[in-house]
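I have a structure here, written as structure tokens, and I will follow up with some questions on it.
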Amino acid sequence: MKHPHDMPFVKTVKERCRVCYTCVRECPAKAIRIADGQAEVIGERCIACGNCVRVCSQNAKQVYSSKEGVAALLEGPDRVAAILAPSFPADFQDIPWRRLVGMVRALGFDIVGEVGFGADLVASRIAALLQKSNGTRYVSTACPAIVGYVERYHPSMVSTLAPIVSPMIASARVFHHIAGKDTKVVFIGPCIAKKVEAATSEVLSEVNEVLTFVELREMLQDKGIEADVVEPSDFDEPHANLGALFPISRGMLQAADIREDLVSNEVVATEGHRNFLEALREFEGGHLEAHFLEMLACDGCIMGAGIFGDTPLFKRRASVSRYVQQRQAAFDPTKWQGWIDRLAAVDLSRRFSGNDQRIATPMDDELIEIMKRMGKFEPEDELNCGACGYETCRDHAIAIYKGFAESEMCLPYTIEQLKTAVSDLAVSHEQLAMAQEALLQSEKLASMGQLAAGIAHELNNPLGVVLMYAHILLGECDQREKLRGDLEMIAKEADRCKRIVSGLLHFARQNKIVLQSCDIKSLAQECLKAMPPPQGIDTSVRVEADDTVAEIDRDQVMQVLSNLVTNAYAAMNDGGNLEITIDGNEDEILLEISDTGIGIPRENLAKIFDPFFTTKQLGKGTGLGLAVTYGIVKMHNGDISVRSNADEAEGPTGTAFTVKLPRHEETGGSPSAVGNVDESVRRLIENFGS
């Protein structure tokens, strides 16, 4: 059988693999490597049992195809024999067996034989071997997946493998004996491991190609061969006897007339990958004292990975039993015995050799380090949930050491990592939202800067002229003249315009801060002293921080306090309370200026830091105070927020501005991107206004 030796018989289609670790869990040889989030079959470790193919819901496991090789044989000059595994009734339940044989012949095969007769020969040789065993213990060799597992993972047990070929090889030798050594043989069955067996050096060229039942169906479909149009045909002789029961669990024992006596316990039969693994461990360790261990890697060959469809186990079993009953009804024991005698000289012996794939277990300290990487620091952290595909956390750690697994396969570990990532993402999202808000405010300030530059450039000179001549005319105008009131109005309003322009330029020129150590408590008290409250308003300073000293630009923070206090006074026309609270920690200082005024309507909260936005009456404010305050706080790498209630139905009205400033220059770090934008805007305003 021509197969590239550097590739496994089963491989993963990475585009389909969802990395569910089911194949890892179901692989008895642990021949699945998870690397970079992808499952990969390790060829030298794989026993081709097909469990990974059977359990993969995404059809991500691809079996090496033999269809091209079979097609080439059929087109060649030599005779080609197809030998069908006795499990065929379990797959082709919808096709009468004679029709199936006819369909196989229609593909171009010269001979179509039953592997069941080869199983009869193997059963007789096993019975003879056990009769003269003299206490020697044996493991059956009919299942190539079992043989492959023993050779790789229990090499000390290779000597216990029964030195007899499998029914497939026995049938191939039978037809070579009957039809000539030049006859090419194609095995058709349910087993992927048969592909590996056919390519094994000890029996190389005995079987030229191996087709699974799935591949046979595909070839029949490609050729358009259907059951109702072919000529029914019987198998070529020799026909099978009870060897046709081989694909059913314990079928080989019945064919060999070997009894599994539960009292003597000399013969033990088991199937399925979990059972055979345990049986081999106990057999090797001496805990299982049986003389003969009959094992199948699947739940009988009728459950092989090369069978089409998902027909349940016992329905498949019943199909095989029904076929054997039909054949037994017309069975000719004399003719069968004649074939047995005729082929008695056929050599059915075989040798086996170890292929040790075991990897040494890591030292305890290495294992501990791997466990720590998975978040397993204490024994109670080892949940042994099996989600990774390994039975225990330690098995998973050993697989990581061997390079077969990754820490991320641990579900509890991944969940904890995900929680941390979500938490970090939430913090990053909050910081991004704040940065976006600050950037939006900076864009507004940039627009204001352009407007301010234009105003300063266009109005400064004419305003100066208006003011100058208004004051000249006032100086020359008599107190009793009618024009004096008009001139005073002109001078007053022109002076107000000058203050607006001056405020813009004042804001524009604040493009840097000078940090110095300052007592925030003293600064707040000084602010309230310099700005005595209107009648009916009480003020206070409450200190909750142990340390009220921070490195700030004193004058600019004083302007922040002045602007916020001024706004608070304006919101309490009917009296109230204003309180400045000072709090913080070792990294930042917190100032809260709260009042019991009328509050800010909810629809205005998003606009209060916008330049020129004001709710005051015309002539009472320019709408620049909070914009200036925002800029100063951002230049300090700080933050300002507001909470307010203007609806008496929802509780007491009032507003509280919270200002957070870094205590030290290194806490704030380098100026933020927003700060740089503000500074660039201010520099632009200053250049245009100069």
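Bear in mind that the values in this text are calculations on the coordinates, not laboratory data. All of these numbers come straight from a predicted model, not from anything done at the bench. Cβ atoms come from the backbone with ideal geometry, glycine included; neighbour counts cover every protein chain shown.
Which whole-number percentage describes the relative contact order of the chain, with Cα contacts under 8 Å and a sequence gap of 6 or more?
That works out to 12 percent.
Would you kindly derive the ³J(HN,Hα) couplings of the stretch 173-179 from the backbone phi angles with the Karplus curve 6.51 cos²θ - 1.76 cosθ + 1.60 (θ = phi - 60°), listing them in order in whole Hz, with x for Gly and Pro?
Ordered by residue, 3J(HN,Hα) equals 5, 4, 6, 5, 5, 7, 9 Hz.
Counting other beta carbons within 10 Å of each residue's own, what order do 653, 392 fall into, fewest first?
392, 653
Three principal axis extents, largest first, for the C-alpha atoms of the stretch 364-409, in Å?
Between the extreme Cα coordinates on each principal axis of the stretch 364-409 lie 22, 21, 16 Å.
Compute the distance from the alpha-carbon center of the stretch 11-67 to that of the stretch 68-144, in whole Å.
Each part reduced to its Cα centre gives a spacing of 27 Å.
Let's see if you can work this out: charge +1 on each Lys and Arg Cβ, -1 on each Asp and Glu Cβ, no other charges. What is the dipole magnitude of the chain about its Cα centre, in debye to the nearest 20?
Here the chain has a charge dipole of around 2060 debye.
Could you work out the percent of alpha carbon pairs in the stretch 245-395 separated by over 25 Å, rounded to a whole number?
When every Cα pair of the stretch 245-395 is considered, 57 percent fall beyond 25 Å.
Then there is this: For helix 554-570, report the angle its Cα long axis makes with the longest principal axis of the Cα atoms of the chain; keep it between 0 and 90° and round to the nearest 10°.
Approximately 80 degrees, to the nearest ten.
Calculate, axis by axis, the spread of Cα positions in the chain along the three principal axes, and write the results as whole Å, longest axis first.
151, 56, 47 Å, listed from the longest principal axis down.
Helix 364-373 against the longest principal axis of the chain: what's the angle in degrees, Cα atoms only, rounded to the nearest 10?
50
Tell me the relative contact order for the stretch 364-409 as a rounded percent, counting alpha carbon contacts under 8 Å between residues six or more apart.
Normalised by residue count, the contact order of the stretch 364-409 is 36 percent.
Please report the spacing between the Cα centers of the stretch 567-604 and the stretch 523-553 in Å, no decimals.
The stretch 567-604 and the stretch 523-553 have Cα centres spaced 12 Å from each other.
Determine the sum of side-chain charges near residue 345: Lys and Arg each +1, Asp and Glu each -1, restricted to other residues whose C-beta is under 13 angstrom from that of residue 345.
Local net charge: +1.
Restricting to the chain, what percent of DSSP beta bridges are antiparallel, rounded to 5?
Restricted to the chain, the bridges split so that about 55 percent are antiparallel.
Karplus couplings for the stretch 311-318 from phi (6.51 cos²θ - 1.76 cosθ + 1.60, θ = phi - 60°), rounded to Hz, Gly and Pro as x?
Once θ is set to phi - 60°, the couplings for the stretch 311-318 become 4, x, 3, 6, 5, 5, 4, 5 Hz.
OK, next. Quick one: which residues, 5+ away or cross-chain, put their amide H under 5 Å from the amide H of residue 161? H built at 1.01 Å from N.
139
What is the local net charge at residue 85, summed over the other residues whose Cβ is closer than 11 Å to its Cβ (Lys, Arg +1; Asp, Glu -1)?
-1
Sticking with this one: For the stretch 400-416 and the stretch 358-383, what is the separation of their C-alpha centers, rounded to whole Å?
Distance between centres, Cα-based: 11 Å.
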